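In what follows, a single structure is set out as C-alpha coordinates and then discussed.
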Amino acid sequence: MPRVKRGVNAKKKRRKVLKAVKGMRGARGRLYRIATQAVDKALVCAYADRRKKKRDMRRLWIARINAAARLNGITYNRLMEGLIKANVALDRKVLSDIAVKDPAGFAKFASMAKEALSA
(Lines give C-alpha, C1' and ligand atoms only; values in the text may rest on other atoms or scores of the structure.)
Protein backbone atom coordinates (compact mmCIF):
# COMPACT_ATOMS: atom_id res chain seq x y z
CA MET A 1 0.00 0.00 0.00
CA PRO A 2 1.42 3.41 -0.93
CA ARG A 3 2.06 5.93 1.81
CA VAL A 4 -0.13 8.98 2.13
CA LYS A 5 1.58 12.33 1.83
CA ARG A 6 -0.26 15.06 3.72
CA GLY A 7 1.62 18.11 2.50
CA VAL A 8 -1.22 19.78 0.61
CA ASN A 9 -3.93 19.12 3.20
CA ALA A 10 -1.72 20.11 6.14
CA LYS A 11 -0.83 23.35 4.39
CA LYS A 12 -4.51 24.10 3.71
CA LYS A 13 -5.36 23.50 7.36
CA ARG A 14 -2.59 25.80 8.56
CA ARG A 15 -3.45 28.47 6.01
CA LYS A 16 -7.07 28.44 7.23
CA VAL A 17 -5.99 28.99 10.85
CA LEU A 18 -3.48 31.70 9.98
CA LYS A 19 -6.08 33.48 7.88
CA ALA A 20 -8.44 33.49 10.89
CA VAL A 21 -5.82 35.20 13.10
CA LYS A 22 -4.87 37.78 10.50
CA GLY A 23 -4.50 41.14 12.22
CA MET A 24 -3.54 39.72 15.62
CA ARG A 25 -0.29 40.98 17.11
CA GLY A 26 2.91 39.08 17.71
CA ALA A 27 3.08 35.31 17.76
CA ARG A 28 -0.72 34.95 17.67
CA GLY A 29 -0.73 36.16 14.07
CA ARG A 30 2.36 34.28 12.88
CA LEU A 31 3.04 31.00 14.70
CA TYR A 32 0.71 28.10 13.97
CA ARG A 33 0.66 26.52 17.43
CA ILE A 34 -0.15 29.79 19.19
CA ALA A 35 -2.52 30.82 16.40
CA THR A 36 -4.62 27.68 16.92
CA GLN A 37 -4.95 28.54 20.61
CA ALA A 38 -5.96 32.10 19.70
CA VAL A 39 -8.60 30.83 17.24
CA ASP A 40 -10.03 28.38 19.77
CA LYS A 41 -10.29 31.07 22.44
CA ALA A 42 -11.78 33.57 19.99
CA LEU A 43 -14.49 31.11 18.95
CA VAL A 44 -15.35 30.35 22.58
CA CYS A 45 -15.59 34.06 23.40
CA ALA A 46 -17.66 34.75 20.27
CA TYR A 47 -20.16 32.05 21.26
CA ALA A 48 -20.43 33.34 24.83
CA ASP A 49 -20.69 36.99 23.79
CA ARG A 50 -23.57 36.29 21.40
CA ARG A 51 -25.51 35.23 24.48
CA LYS A 52 -24.13 38.06 26.62
CA LYS A 53 -25.28 40.62 24.04
CA LYS A 54 -28.91 39.72 24.79
CA ARG A 55 -28.39 40.38 28.51
CA ASP A 56 -26.61 43.67 27.79
CA MET A 57 -29.41 44.89 25.54
CA ARG A 58 -32.04 44.08 28.16
CA ARG A 59 -30.04 46.02 30.76
CA LEU A 60 -29.85 49.00 28.38
CA TRP A 61 -33.60 48.92 27.77
CA ILE A 62 -34.32 48.80 31.50
CA ALA A 63 -31.96 51.72 32.17
CA ARG A 64 -33.65 53.81 29.48
CA ILE A 65 -37.15 52.99 30.73
CA ASN A 66 -36.12 53.78 34.31
CA ALA A 67 -34.66 57.15 33.32
CA ALA A 68 -37.78 58.11 31.37
CA ALA A 69 -40.06 56.85 34.14
CA ARG A 70 -38.29 58.93 36.77
CA LEU A 71 -38.73 62.01 34.59
CA ASN A 72 -42.47 61.25 34.83
CA GLY A 73 -42.41 60.82 38.62
CA ILE A 74 -42.53 57.03 38.87
CA THR A 75 -39.91 54.31 39.33
CA TYR A 76 -39.22 51.53 36.85
CA ASN A 77 -40.59 48.88 39.20
CA ARG A 78 -43.85 50.71 39.84
CA LEU A 79 -44.20 51.57 36.14
CA MET A 80 -43.93 47.91 35.09
CA GLU A 81 -46.36 46.85 37.83
CA GLY A 82 -48.84 49.53 36.73
CA LEU A 83 -48.56 48.56 33.06
CA ILE A 84 -49.26 44.92 33.92
CA LYS A 85 -52.33 45.94 35.95
CA ALA A 86 -53.47 48.20 33.08
CA ASN A 87 -53.15 45.25 30.65
CA VAL A 88 -50.55 47.02 28.49
CA ALA A 89 -48.64 44.26 26.70
CA LEU A 90 -45.47 46.05 25.53
CA ASP A 91 -42.05 44.51 25.96
CA ARG A 92 -39.03 46.40 27.28
CA LYS A 93 -37.49 46.83 23.84
CA VAL A 94 -40.53 48.69 22.50
CA LEU A 95 -41.00 50.69 25.70
CA SER A 96 -37.39 51.89 25.65
CA ASP A 97 -37.73 52.86 21.99
CA ILE A 98 -40.84 54.90 22.83
CA ALA A 99 -39.04 56.47 25.81
CA VAL A 100 -36.18 57.64 23.58
CA LYS A 101 -38.08 58.67 20.43
CA ASP A 102 -41.45 59.81 21.81
CA PRO A 103 -41.28 61.18 25.38
CA ALA A 104 -44.86 62.50 25.18
CA GLY A 105 -46.16 59.06 24.26
CA PHE A 106 -44.16 57.51 27.09
CA ALA A 107 -45.69 60.03 29.50
CA LYS A 108 -49.13 58.66 28.57
CA PHE A 109 -47.99 55.14 29.43
CA ALA A 110 -46.62 56.44 32.74
CA SER A 111 -49.93 58.12 33.58
CA MET A 112 -51.81 54.91 32.65
CA ALA A 113 -49.54 52.98 35.03
CA LYS A 114 -50.13 55.51 37.83
CA GLU A 115 -53.91 55.29 37.36
CA ALA A 116 -53.83 51.48 37.40
CA LEU A 117 -51.78 51.50 40.61
CA SER A 118 -54.10 53.94 42.37
CA ALA A 119 -57.23 52.01 41.37
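The values are calculated or read from the model by the stated rules, or taken from the named source; none is laboratory data. Quick caveat, the model's predicted, so the values are computed rather than measured. No Cβ is skipped: glycine too gets one built from the backbone with ideal geometry, and neighbour counts run over all protein chains shown.
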*Within segment 12-31, track down each residue that is of a type in the set (Gly, Ala, Ser) and either without any contact (Cβ under 8 Å) to a residue 12 or more places away in the chain or loosely packed, with under 15 Cβ neighbours inside 10 Å (or both).*
Gly23, Gly26, Ala27, Gly29
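One line per residue, one yes/no per condition, for (1) surrounded by fewer than 13 Cβ atoms within 10 Å (Cβ to Cβ); (2) under 22 Å from Leu117 (Cα atoms); (3) at pLDDT 95 or above:
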| residue | (1), (2), (3) |
| --- | --- |
| Val4 | yes, no, no |
| Ala10 | yes, no, no |
| Gln37 | no, no, yes |
| Arg92 | no, yes, yes |
| Ser96 | no, yes, yes |
*Positions within segment 1-23 being part of a helix (DSSP H, G or I), of a type in the set (A, V, I, L, M) and farther than 23 Å from Ala42 by Cβ, in sequence order*: Val8
*Looking at Arg51, Arg55, which is the one that is at pLDDT 95 or above, surrounded by fewer than 11 Cβ atoms within 10 Å (Cβ to Cβ) and under 30 Å from Lys19 (Cβ atoms)?*
Arg51
*Within segment 82-119, track down each residue that is of a type in the set (D, E, K, R) and closer than 24 Å to Lys54 by Cβ.*
Asp91, Arg92, Lys93, Asp97, Lys101
*Quickly run through segment 70-101 and pick out the residues that are closer than 20 Å to Met57 by Cβ and not in a helix (DSSP H, G or I).*
Ala89, Leu90, Asp91
*Looking at Ile74, Ile62, which is the one that is surrounded by 13 or more Cβ atoms within 10 Å (Cβ to Cβ) and either in contact (Cβ under 8 Å) with a residue 60 or more places away in the chain or touching a Gly at 6+ places or on another chain (Cβ under 8 Å) (or both)?*
Ile74
_Search result, residues across segment 24-50 that are over 31 Å from the mean Cα position of the chain (by Cα), part of a helix (DSSP H, G or I) and of a type outside the set (Ser, Thr, Tyr)_ = Arg33
